[in-house]
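The values are calculated or read from the model by the stated rules, or taken from the named source; none is laboratory data. Nothing here was measured: the structure is a model prediction, and the numbers come from that model. Cβ sites come from the backbone with ideal geometry, for glycine too, and all protein chains shown count toward neighbours.
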Amino acid sequence: SVEPGSPYRVVLLGASGVGKTAFASIFAGAADSMDSDDCELCGDEVAEREIEVDGEAATILLLDTWDAEKGDEWTQERFMQIGDAYLLLYSITDRASFLRASELRITLRRFRPARHTPIILVGNKCDLVRRREVPTSEARASAAVFDCKFIETSAAMQHNVWEAFYGIVRQLRLRRDSK
Ligand code: GDP
């Protein structure tokens with residue numbers, strides 16, 4: 001269970017090329033403009049930092065599954081089990097990555113059947129308007145079916161990336177407070 005003050009384990013899931021690494025570096029790199037003690041890079045695929053959401057501090061341990069897509073099944077299953085919450089990324093310019101996100105959502109449900117695990121469907125690369133293959137309305141409808149929140153982001157423009165993290169923290173708190 002999630003205790004107040006203990007880090008929330010947030011897992012980045014999604015097809016390769018959708019922007020997981022870009023998300024992780026925004027998350028980790030924002031330390032540049034802040035106290036460096038706030039951010040501690042624990043390895044290539046893990047970053048931990050404290051952020052303030054609605055006036056309350058939250059610590060996020062971000063796990064990037066960048067190699068899980070090519071990696072063995074075991075690694076992927078491990079990620080499905082350890083997260084307190086998930087950012088399920090696709091690229092709005094790549095319909096295949098959107099379908100991959102749907103598959104990952106189904107797999108997640110299999111691993112986390114009973115618990116309500118916060119999941120946000122993230123349509124990244126929304127700056128690439130002319131290359132859009134996935135309409136916002138379609139993604140929003142499928143998020144509703146998947147029982148998860150939805151946001152469109154641009155890691156390149158640093159648009160809505162932090163909002164996705166804030167959204168995750170708010171959902172985790174709702175779950176914590178309803179216990
Ligand atoms: P990953 O395989 O999911 O980790 O994806 P990456 O973070 O490595 O991103 C793949 C490519 O897409 C890189 O060339 C990024 O610079 C680019 N990219 C990531 N996010 C965005 C975005 O929001 N907009 C644009 N235009 N490019 C992006």
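At a glance:
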{"read-out": "Residues within region 151-162 that are surrounded by fewer than 19 Cβ atoms within 10 Å (Cβ to Cβ) and either farther than 16 Å from residue 91 by Cβ or hydrophobic (A, V, I, L, M, F, W, C) (or both), tallied", "value": "4"}
{"read-out": "Enumeration of residues in region 13-22 that are more than 6 Å from the ligand (Cβ to nearest atom) and touching a Gly at 6+ places or on another chain (Cβ under 9 Å)", "value": "13"}
{"read-out": "Some residue of region 32-49 being within 11 Å of the ligand (Cβ to nearest atom), modelled with pLDDT under 90, surrounded by 14 or more Cβ atoms within 10 Å (Cβ to Cβ) and of a type outside the set (Phe, Trp, Tyr)", "value": "yes"}
{"read-out": "Count of residues meeting criterion [assigned to a helix (DSSP H, G or I), farther than 15 Å from residue 151 by Cα and charged (D, E, K, R)] in region 101-139", "value": "6"}
{"read-out": "Residue satisfying all of: in region 77-96; charged (D, E, K, R) and farther than 21 Å from residue 116 by Cβ; surrounded by the most Cβ atoms within 10 Å (Cβ to Cβ) among these", "value": "94"}
{"read-out": "Selection count where residues are among the acidic types (Asp, Glu) and either surrounded by 21 or more Cβ atoms within 10 Å (Cβ to Cβ) or more than 20 Å from the chain's Cα centre (by Cα) (or both), scope region 119-143", "value": "1"}
{"read-out": "Options 107, 153; residue that is among the polar types (S, T, N, Q) and modelled with pLDDT under 95", "value": "107"}
{"read-out": "Residues of region 58-75 classified as touching a Leu at 6+ places or on another chain (Cβ under 9 Å) and at pLDDT 75 or above, total", "value": "5"}
{"read-out": "Positions within region 77-100 being within 16 Å of the ligand (Cβ to nearest atom), under 17 Å from residue 61 (Cα atoms), in a strand (DSSP E or B) and not hydroxyl-bearing (Ser, Thr, Tyr), in sequence order", "value": "87, 88"}
